[in-house]
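Below you'll find the structure, written out as structure tokens, and then a few comments.
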Amino acid sequence: MEALVPVLIKTLFIILVAVAAFAPVITWVERKQSAVMQDRIGANRADIAGITVLGLLHPVADVIKLLTKEDVVPTGANRALHLMAPLIASIPVIASFGVIPYGGTYHFGDTTVNLVVADLDWGVLYIFAIASIATYGTVIAGWASNNNWSLLGSLRASAQMISYEVTMGLSIVGLFMCFQTLRLTEMGVAQDSTFRILGFLEHFGFVESLGWLSHLTLPTWGILLQPLAFVLFLTCVMAENKRPPFDLPEGESEIIAGYFLEYSGMRFGLFYMSEFIEVVVIAALMTALFLGGWTIPWLSQADIIGGVTPIFGVGVATGLCMLLHVVAFFAKVILMIWLQMQIRWTLPRPRYDQVMDLCWKVMLPLSLANILVTGLVILVLQGARA
Amino acid sequence: MEIPLEHVIGLSALLFAIGTVGALTRRNLIVILMSIELMLNAANLAFVGFARAWNSVDGHIFVLMVIVVAAAEVAVGLGIVIALFRNRESVNVEDVSLLRW
Amino acid sequence: MSAPAVFFYAFGAAAVLSALSMVLHLRNTVAAAMSLVVTMISLAVVYVVLDAHLVAALQIMVYAGAIVVVFLFVVMLLNLRHDVFAQRRERLVKLAGVVLALGAAFAFLQLVPNSLPTVQEIPADFGSYAAVGRALYRDFVLPFEISSLLLLAAIVGAVVLAKRRLS
């Protein structure tokens, strides 16, 4: 039972940070972002005794409003499934934080601290599995509401989410081939180093002619090794999240609000919040896979600890390194959230057939080609090395 | 292993029996297909249990093959259901007991 | 009882109960499909207890995440609301139940105790994606490739069946 305590602390930390702190603030960021895009001032009216704090009180007002609203179950709805659907939609999203590392492994004397709730060998597969369960919340919500618009929304959601799951899985196979692992902590460690940009030329006998160019290095981040996979995977996870430009299942101008049309009060709030929590999940996952996770570019964990130890001793150096890593991780997460907000407020919604065409006719062939090319490059490099 | 193999196989047999009852007694084609999925799942559980007991991942490979077959079966089976519904406005197997119409 | 054993029996019971309600109780096709999902996910937990990690992940991804969603998609597409049981259902259920119970009892009392292998020790990476992948791409390459042909045939078949319209 002693092993449970650190796990509980880590779980609490991730829930407090990602769910309770990040998600409400993102609703505010979303409003401010839309205001910037539309040349408005944005949310700034909610106040306590005249103090508005830039509109940061709006999330609080939202929660109070949602909690006190009546929870309506429409006539003819399947009551049990209607009540369950928001839970099915939101729980898997929170559960996927479980395998995302927000820091590396640190040794304080005899105790080892690794900053991930569950360090699964099949971590990425776990996330795919969890993401595929989240489909049910949407599908069941629309069907159980007994409303034609909702049903259309669920039909769209189920087809869209299954289709994009296929490409989502295939798009990062190249990344697995580069890092040789599915464990997210190992992926982070693999990204905590650098490679010489032109280093591969040495295998072909160009050593002398390169000069100072041969000393240029880049971090071994996923985005630099697999840039195409980054674009494909980001598109897929955004489509999974069903936010604009992939909000066909909601499509307010066509099918009003789609699958959550008949929801009110906090059950609507759960759908709404799970979308924003998923934005954080996507940002954290993209960071762990492509942006080097908790690592700091050109400054590996050994460098930091080795550099600080002579001044402050090993314990302080390791603690400092841990702090820096966690800060770096969340800084990258904020960057990815910002990127998603930009995309969300820039792109218009395509037609449904265009969304499906994009998935099956563009992104699926591209991700297969990416796997093929990655495999070829790895083979050639191995051959050149041997 | 803490869990006796008998219990794994027992669970598998129980699920298979339930699936068989469903496939034999339900009249909705979709539910019959779901019952068949249940039977395939029961077989998978037996494969996993035996793989664990024999220390051989061959059982897991079999499960993967069964999953492939199940996916193929569902795709074609539900295609048939949709084609049937277009023609007969029904997914009840008793409405399609004739060989011609 | 240790934690894995608790998980095994709890989720095994959940799988059986939800399978029973799917087959015998629920008339609503969507509710039956959701019940099947509960069975699938419970079985995935059982697989984890039995050290089949890759299989557990694929169970949720393919069975719960794709196959049952396709079932739901078709049910919603056809807009089926309520299912009628057959007239002869009661008799059929009794007959099938008796036959299967007798068969299962025979299997348990006679065959199973005499023929089960003794459980062996397993390596630490048993059932990981690496171990299964090694077997799949070395010893079972041919079945693996053939299964891709099967999937291709199924895709073509499904498209042809579902797309054909009566003029």
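The values are calculated or read from the model by the stated rules, or taken from the named source; none is laboratory data. Owing to the predicted nature of the structure, the values given are computational and were not obtained by experimental measurement. Please note: Cβ atoms are built from the backbone with ideal geometry, for glycine as well, and neighbour counts cover all protein chains shown.
Numbers below:
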item	result
Test: residue in the stretch A:68-77 that is away from every other protein chain (no Cβ under 14 Å), over 30 Å from A:GLY293 (Cβ atoms), assigned to a helix (DSSP H, G or I) and among the β-branched types (Val, Ile, Thr)	yes
Condition met for B:LEU24 (assigned to a helix (DSSP H, G or I) and closer than 30 Å to C:VAL49 by Cβ)	no
Conditions (1) surrounded by fewer than 17 Cβ atoms within 10 Å (Cβ to Cβ); (2) away from chain C (no Cβ under 14 Å); number of the one not met by A:LEU87	(2)
Residue satisfying condition, being in contact with a helix residue (DSSP H, G or I) (Cβ under 6 Å, 6 or more places away or on another chain), at pLDDT below 75 and in a helix (DSSP H, G or I), within set C:ALA154, C:ALA104, C:ALA158, C:ALA135	C:ALA104
Residues that are of a type outside the set (Val, Ile, Thr) and more than 7 Å from every other protein chain (Cβ to nearest Cβ), drawn from the stretch B:65-85	B:GLU73, B:GLY77, B:LEU84
Residue list for the stretch A:16-65, restricted to those being small (Gly, Ala, Ser) and under 22 Å from the mean Cα position of the chain (by Cα)	A:ALA18, A:ALA20, A:ALA21, A:ALA23, A:SER34
Hits in the stretch A:1-16 - residues which are surrounded by 17 or more Cβ atoms within 10 Å (Cβ to Cβ) and either among the β-branched types (Val, Ile, Thr) or free of Cβ contacts under 8 Å to residues at least 12 places away in the same chain (or both)	A:ILE14
Filter result (part of a loop (DSSP other than H, G, I, E, B) and out of contact with any Pro (no Cβ under 9 Å at 6 or more places or on another chain)) within the stretch C:119-132	C:GLN120, C:GLU121, C:ILE122, C:PRO123, C:ALA124, C:ASP125, C:PHE126, C:GLY127, C:SER128
Extreme residue, farthest from B:PHE62 (Cα to Cα), among residues of the stretch B:27-46 that are within 7 Å of another protein chain (Cβ to nearest Cβ) and free of Cβ contacts under 8 Å to residues at least 24 places away in the same chain	B:VAL31
Residue that is nearest to C:VAL74 (Cα to Cα), among those in the stretch C:1-19 that are within 7 Å of chain B (Cβ to nearest Cβ) and surrounded by fewer than 18 Cβ atoms within 10 Å (Cβ to Cβ)	C:VAL16
Scan of the stretch B:47-101 for residues that are of a type outside the set (A, V, I, L, M, F, W, C), touching a residue at least 60 places away in the same chain (Cβ under 8 Å) and part of a helix (DSSP H, G or I), ordered by number	B:GLU94
Within the stretch A:224-248, considering residues that are assigned to a helix (DSSP H, G or I) and aromatic (Phe, Trp, Tyr), the one surrounded by the most Cβ atoms within 10 Å (Cβ to Cβ)	A:PHE233
Given (1) in a helix (DSSP H, G or I); (2) surrounded by fewer than 16 Cβ atoms within 10 Å (Cβ to Cβ); (3) within 14 Å of another protein chain (Cβ to nearest Cβ), index of the condition A:LEU54 fails	(3)
The stretch A:162-188, residues that are facing chain C (nearest Cβ under 8 Å), buried (at least 20 other Cβ atoms within 10 Å of the Cβ) and in contact with a Ser or Thr (Cβ under 8 Å, 6 or more places away or on another chain)	A:GLU165
Complete set of residues in the stretch A:124-136 that are more than 7 Å from chain C (Cβ to nearest Cβ) and modelled with pLDDT of 85 or more	A:VAL124, A:ILE127, A:ILE130
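Per-residue answers, yes or no, for (1) among the β-branched types (Val, Ile, Thr); (2) part of a loop (DSSP other than H, G, I, E, B):
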| position | (1), (2) |
| --- | --- |
| A:THR112 | yes, no |
| A:LEU120 | no, yes |
| A:LEU125 | no, no |
| A:SER163 | no, no |
| A:THR185 | yes, no |
